[in-house]
Structures are given as C-alpha cells and as structure tokens.
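Please read the structure below before turning to the comments.
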2 protein chains.
Amino acid sequence: MIRESWSKSQKKHARELFDLALEREYKALIEEINLVKVESRDEVWELRERLNQKAKEMDRKYDYRYSQLIFVFAQLLREGYLTEDELSVLGEEKLDDIKKWGGINE
Amino acid sequence: MIRESWSKSQKKHARELFDLALEREYKALIEEINLVKVESRDEVWELRERLNQKAKEMDRKYDYRYSQLIFVFAQLLREGYLTEDELSVLGEEKLDDIKKWGGINE
C-alpha cells in the first residue's frame, strides 16, 4: 500500500531529485551520442532507432504525478540515476516504499 | 509526355546511376552526423528529428520504378547527387526528359 500524500518539504525534495535524475540521464545520453562514429548505412538507422526508443522511454519514465513518483524513483534507483542516500531526504517511509517497488529489500 | 520505355542498356545504366546517387547521399549524411557535436537536450531531439525526416525523404525519393525514374533523376540532378554529364549515358531523349522535369532548360 503506497502512501500518496507528500508534505510540502517532500514535494520540494522530490522535484529536485526528479530534475537531478533527468539531468544525469541526459548527460549520459549526450556523451553516448557524441561517442558514436557512424560508418555504414545500417549504423545511420541504428542511431535513429536508438534516439526514437530513448525518447519514448524517457517520456514514459519521467512522469511527475504524485501518484506515480514512488514508481518513478524506484526505477531511477534501480537504473542508478539516483542513489538510496540521495533519496533518503524524502524520509524513511517514502524510501521504504521506493525500495519495495524497486525490488530492493533489506 | 514522358517516354516510359527503357532499353536493356538504359536500365543497366539507370541502376548504376541510382546506386551511385544513393551512395553519395549516404556518404554526405554520414559525414554530417559524424560532425554533429550534441551539447544540449534540444540538440539531442533535433538530431532525432533530422534522422527521421531524412529517412522519410530518402524513402520517398529513391523510387526505382521505371515510371518514376525520370522524376527521380530530375530531383537527383537538381540536388547535385548526379551531374548532367553522368546522366548523359542514358541517351539524349532521357536526358531531355530529365532536364525538362528538373526545371533545367537550355
């Protein structure tokens, strides 16, 4: 059972964490693109496919609705865009929910 | 009035010219992509948009049906992927048709 209420302070932290993860994911994507050296026709369309798939994935993932945030943070924790330490500013209850949904149990 | 009949020799030359233009367009595209240095979020999605638009454009342009070839070559001549000199192997009649449809009249 996910607790959907977020205090004013939790909302502020949540927004910062959300933006931080987005910033990191873009940074990694930009580095990846700049490392690509296209050498064939197939590689042109592979790059196109990669960008289309990434756009779809990020659009789906970065859903800033309070009803969705626990799942969003769980995914970002799993993927390494946020750490447990960083998420701990949201308080113990939220962190527990995030870890439960992220499949990380102590 | 476009003459749609193509002799065996014209077909052979047409195929070579078609492939040559395609090769050149890919070469230019690959060079363009490898020169791109993405620096912002917007530029990530601009690159994606550029590749999607280019895929659509090339898919539409490279139409190897004998009923379409004059128009295809006219566009390739206009865009500089083939020269008038190269297209002259197709014979005077075809070249006239291509130039007429490419908007190049002497």
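Brief remarks follow.
- When only alpha carbons are used to place a centre, segment A:10-47 and segment B:17-79 end up 25 Å from one another.
- At a threshold of 40 Å², the residues of segment A:11-45 that become less accessible to a 1.4 Å probe in the full protein assembly than in their chain on its own are A:TYR26, A:ILE30, A:ILE33, A:ASN34, A:VAL38, A:ARG41, A:VAL44, A:TRP45.
- B:PHE73 accessible area, 1.4 Å probe, all protein chains in place, Å² to nearest 10: 0
- Largest first, the residues B:ASP97, B:ASP63 sort by 1.4 Å accessible area into B:ASP63, B:ASP97.
- Dipole of segment A:1-40, positive end: most advanced residue of A:SER40, A:SER9, A:LEU29 [Cβ charges, Cα centre]: A:SER9
- In this structure segment B:1-95 gives 59 Å² per residue of accessible area when probed at 1.4 Å with all protein chains present.
- Assigned charges on the beta-carbon of Lys, Arg, Asp, Glu; chain A dipole about Cα centre (debye): 420
- Summed over both chains, the area buried between A and B is near 1900 Å², taken from the accessible surface of protein heavy atoms with a 1.4 Å probe.
- Carbon-plus-sulfur accessible fraction, the protein assembly as shown (probe radius 1.4 Å, protein heavy atoms only): 49%.
- Pairs of Lys residues in chain A, spaced 8 or more positions apart or belonging to different chains, with C-alpha separations under 15 angstrom: 4 in total.
- Each distinct pair of alpha carbons in chain A adds a 1/r term; the inverse of their mean, the Kirkwood radius, is 15.2 Å.
The values are calculated or read from the model by the stated rules, or taken from the named source; none is laboratory data. As the structure is a prediction and not an experimental result, all values here were calculated from the model. Cβ sites come from the backbone with ideal geometry, for glycine too, and all protein chains shown count toward neighbours. Quick note on the areas: whole protein, heavy atoms, side chains included, nothing else; ligands and nucleic acids left out. Shrake-Rupley method; radii C 1.70, N 1.55, O 1.52, S 1.80 Å.
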